[in-house]
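**Student:** Below is the structure I would like to discuss, written out as C-alpha cells.
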Amino acid sequence: MVRGFLVLENGTVLEGVSFGHDSTVLGEMVFTTCMSGYQESITDPAYRGRILVSAFPLVGDYGVNERFALSDDIHVSGLIVREYSKEPSEMYGKITLGDHLKAHKIPGISGIDTRDLVTMIRTEGTIRAAIVFDEKEVANVKKKFSGKKDDVNLVGLVSLKEIKKINNKKGISVGIIDCGVDRGLIKDLSERYDLVMFPYNVPAKDIKASGIKALIVSNGPGDPAHPDVAVTVNTVKELSSSLPIIGLSFGAQIIALAFGCKTTKMKFGHHGCNQPVKLGKRVHITTQNHLYNIDENSFKGTGLIIDQVNVNDGTPEGFSHEKLPVIGIQYYPASPKYEEDSFFHVALDKMTGVSK
C-alpha cells in the first residue's frame, strides 16, 4: 500500500492511499457532483489540467469501458476520492479505474474526506493543489504555490492540429471549432450532419471556404480570455454576420467575448450533471464543466440577450442575439435520444434547415 499526500496551497496536507500512478502533479482542484460517470469526467477535455475531486463517496464500482470515454486520453491531472472500489462489477468489463489511471500515468488518491474538500472549495474557491508520494517532497511542493501561477493555453493542448472532415453522407455540413470537443457531441451530430472540424486557431477564410451551413464553437478548458485564444474570438467576430453560430460552454464564452461581453473566473465553477437551468417556464437539469462565466452586467449594448439562467446562483446560462442567428449555452447539450426537444438540437436544425 503506497501512501499519497494531497497538498493544498492553504497549507492543508491530507494523507490517503494511492490507486493510480505514483507521480507528482500540480493543478487547480475542482469538484464534480456526478454520482456516476467518472470515466466520462476524467476523459473530458474540458477538465484538462485539473485535479478532480468526486463529491460522490464511492468511485470505480463499474470499472472502465471504452464506450464511456469522451476522448482518447485522460485529461485530469489527478483524481481524489473517498473510497475506491478495487473489485468492480464485471458487467461493463474487467478493467479497473486504478489500472486505467496507471496506464495513462495519472495519480489517484483514496481515503480522503471529500466532503471536507468540497466544503473547503465552496468556501475558499478553487484551490491549487498537488499530489505527491514522498512525504519529504511536501515542503518543496508548498514552496511552488508561492510562485507565479501557470498560464498555459489549455485549448492549444486539446484542440485538433489540422482540419478534419467526417463524411456521414447526410448532404449538409456543420462546422465545429474544436476547443476541446467530446465524442458524445460528435456522435450526436453525425446522425444528422456531415462534419468539418477546425483547430481553435483556424483562420476565418478557411471556415468560409468549407461550405458549412452553421458553425459550432465547442466546449473546452481554461480561460476564454487567454491571449492565445484571442484568435478564436476574432474568427467568430468575423464570421458572426454571415454564418449561424452556436457556442457551447467555453464556446459560448468565446462568442460573448466576440460581441464585447466580459468573462470572469467563478469562485468554484459549475462541474457536474445536476445544474438546474431555467429556459422559459421550464427548468432543465444539465451537465456542465466550466470555471469561467459571462459577466451579466456586460451584455448591455452587445446585441446579446440573456434568455437562460442558473436556478442556483442566477448566473447567465444562455443567450441569443437580437437580430443574428447566434446563440450560446453554458451547459452540454442533451442527446436527442434522451431529450427530444433539446434546445441545442432544435436550434441547430432550424439554422441548417434540417427537420426531424
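**Student:** Only one of (1) within 18 Å of the chain's Cα centre (by Cα); (2) part of a loop (DSSP other than H, G, I, E, B) fails for G171. Which number is that?
**Tutor:** The one condition G171 does not meet is (1).
**Student:** Right, another one. Please tell me if K350 is without any contact (Cβ under 8 Å) to a residue 40 or more places away in the chain, over 18 Å from G220 (Cβ atoms) and part of a loop (DSSP other than H, G, I, E, B). Talk me through it step by step, then tell me what you get.
**Tutor:** Numbers: without any contact (Cβ under 8 Å) to a residue 40 or more places away in the chain: yes; over 18 Å from G220 (Cβ atoms): yes; part of a loop (DSSP other than H, G, I, E, B): no.
In short, no.
**Student:** Of all residues in segment 311-325 being outside any loop (DSSP other than H, G, I, E, B) and farther than 26 Å from R183 by Cβ, which is nearest to the chain's Cα centre (by Cα)?
**Tutor:** As a first pass, look at segment 311-325 and keep what is outside any loop (DSSP other than H, G, I, E, B): 316-321.
Filter once more, so that each one left must be farther than 26 Å from R183 by Cβ: 316, 319-321.
Details: P316: 17, F319: 19, S320: 21, H321: 24 Å.
Among residues in segment 311-325 that are outside any loop (DSSP other than H, G, I, E, B) and farther than 26 Å from R183 by Cβ, the one nearest to the chain's Cα centre (by Cα) is P316.
**Student:** Right, something else. Please specify each residue of segment 4-24 satisfying the condition of being touching a Ser or Thr at 6+ places or on another chain (Cβ under 9 Å) and either assigned by TED's automatic domain parsing to the domain that holds G180 or surrounded by 18 or more Cβ atoms within 10 Å (Cβ to Cβ) (or both). Please lay out each step first, then the result.
**Tutor:** Filtering segment 4-24 down to residues touching a Ser or Thr at 6+ places or on another chain (Cβ under 9 Å) leaves 4, 6, 9, 16-19.
Within segment 4-24, G4, L6, E9, G16, S18, F19 qualify.
**Student:** Sticking with this one: Pick from segment 64-83 the residues that are within 19 Å of the chain's Cα centre (by Cα) and part of a strand (DSSP E or B): which of them is farthest from I42 (Cα to Cα)?
**Tutor:** Among those residues, the one meeting the criterion is I80.
**Student:** Would you check if A204 is closer than 23 Å to T352 by Cβ, surrounded by 14 or more Cβ atoms within 10 Å (Cβ to Cβ) and in contact (Cβ under 8 Å) with a residue 60 or more places away in the chain?
**Tutor:** Numbers: closer than 23 Å to T352 by Cβ: yes; surrounded by 14 or more Cβ atoms within 10 Å (Cβ to Cβ): yes; in contact (Cβ under 8 Å) with a residue 60 or more places away in the chain: no.
When the stated conditions are applied, A204 does not pass them.
**Student:** How many of the residues in segment 231-284 are in contact (Cβ under 8 Å) with a residue 60 or more places away in the chain and among the β-branched types (V, I, T)?
**Tutor:** So the count comes out to 5.
**Student:** Going through D228, D223 one at a time, which residue ends up being touching a residue at least 40 places away in the same chain (Cβ under 8 Å), under 19 Å from Q288 (Cβ atoms), within 19 Å of the chain's Cα centre (by Cα) and surrounded by fewer than 21 Cβ atoms within 10 Å (Cβ to Cβ)? Before you say what the answer is, go through the steps one by one.
**Tutor:** Details: D228 fails: under 19 Å from Q288 (Cβ atoms).
Result: D223 is the single residue among D228, D223 that is touching a residue at least 40 places away in the same chain (Cβ under 8 Å), under 19 Å from Q288 (Cβ atoms), within 19 Å of the chain's Cα centre (by Cα) and surrounded by fewer than 21 Cβ atoms within 10 Å (Cβ to Cβ).
**Student:** While we're looking at this one, here's another question. Do we have K105 as exposed (fewer than 13 other Cβ atoms within 10 Å of the Cβ), at pLDDT 95 or above and assigned to a loop (DSSP other than H, G, I, E, B) here? Break it down into steps so the answer makes sense when it comes.
**Tutor:** Values: exposed (fewer than 13 other Cβ atoms within 10 Å of the Cβ): yes; at pLDDT 95 or above: yes; assigned to a loop (DSSP other than H, G, I, E, B): yes.
Judged against the criteria, K105 is a match.
**Student:** Return the total of residues in segment 289-306 being of a type outside the set (S, T, Y), buried (at least 17 other Cβ atoms within 10 Å of the Cβ) and either over 16 Å from I245 (Cβ atoms) or not assigned by TED's automatic domain parsing to the domain that holds I245 (or both).
**Tutor:** Filtering segment 289-306 down to residues of a type outside the set (S, T, Y) leaves 289-291, 293-297, 299-301, 303-306.
The next check asks that each one be buried (at least 17 other Cβ atoms within 10 Å of the Cβ); those that pass are 289-291, 293-294, 299, 304.
After this cut, where a residue has to be either over 16 Å from I245 (Cβ atoms) or not assigned by TED's automatic domain parsing to the domain that holds I245 (or both) as well, the list is 289-291, 293, 299.
Summing the residues that are of a type outside the set (S, T, Y), buried (at least 17 other Cβ atoms within 10 Å of the Cβ) and either over 16 Å from I245 (Cβ atoms) or not assigned by TED's automatic domain parsing to the domain that holds I245 (or both) in segment 289-306 gives 5.
**Student:** Residues in segment 129-146: is at least one among the polar types (S, T, N, Q), over 23 Å from P45 (Cβ atoms) and at pLDDT 95 or above? First the steps, then the outcome.
**Tutor:** Quick first cut of segment 129-146, residues among the polar types (S, T, N, Q) only: 140, 146.
Retained after the next criterion (residues that are over 23 Å from P45 (Cβ atoms)): 140, 146.
Filter again for at pLDDT 95 or above, leaving none.
No, that holds for no residue.
**Student:** Kindly establish whether G125 is within 22 Å of the chain's Cα centre (by Cα) and at positive phi.
**Tutor:** On the way: within 22 Å of the chain's Cα centre (by Cα): yes; at positive phi: yes.
Yes, satisfied.
**Student:** Next up: Going by what's in this entry, would S249 be described as in contact with a His (Cβ under 6 Å, 6 or more places away or on another chain) and closer than 29 Å to I51 by Cα? Outline the logic, then answer.
**Tutor:** Values: in contact with a His (Cβ under 6 Å, 6 or more places away or on another chain): yes; closer than 29 Å to I51 by Cα: yes.
In short, yes.
**Student:** Return the residue satisfying two criteria in turn: it lies in segment 310-324 and is among the hydrophobic types (A, V, I, L, M, F, W, C) and surrounded by fewer than 19 Cβ atoms within 10 Å (Cβ to Cβ), and of such residues it is farthest from G272 (Cα to Cα).
**Tutor:** If we filter segment 310-324 for residues that are among the hydrophobic types (A, V, I, L, M, F, W, C), which is where we start, we get 311, 319, 324.
When the remaining residues are screened for being surrounded by fewer than 19 Cβ atoms within 10 Å (Cβ to Cβ), the result is 311, 324.
Values: V311: 15, L324: 31 Å.
Per the stated criteria, the residue is L324.
**Student:** Among the residues of segment 2-22, is there at least one that is in contact with a helix residue (DSSP H, G or I) (Cβ under 9 Å, 6 or more places away or on another chain), within 24 Å of Q275 (Cα to Cα) and part of a loop (DSSP other than H, G, I, E, B)?
**Tutor:** Within segment 2-22, none of the residues are in contact with a helix residue (DSSP H, G or I) (Cβ under 9 Å, 6 or more places away or on another chain), within 24 Å of Q275 (Cα to Cα) and part of a loop (DSSP other than H, G, I, E, B).
**Student:** Moving to a separate point now. List every residue pair whose Cβ atoms sit under 8 Å apart, with the two residues 6 or more apart in sequence or on different chains, where the first one lies in segment 312-326 and is over 17 Å from L239 (Cα atoms) and the second, anywhere, is of a type in the set (G, A, S) and not in a strand (DSSP E or B).
**Tutor:** From segment 312-326, the pairs are G318/A252; F319/A252; F319/A256.
The values are calculated or read from the model by the stated rules, or taken from the named source; none is laboratory data. Remember, it's a predicted structure, so these values are computed and weren't measured experimentally. Positions of Cβ are generated from backbone atoms using ideal geometry, with glycine treated the same way; all protein chains shown enter the neighbour counts.
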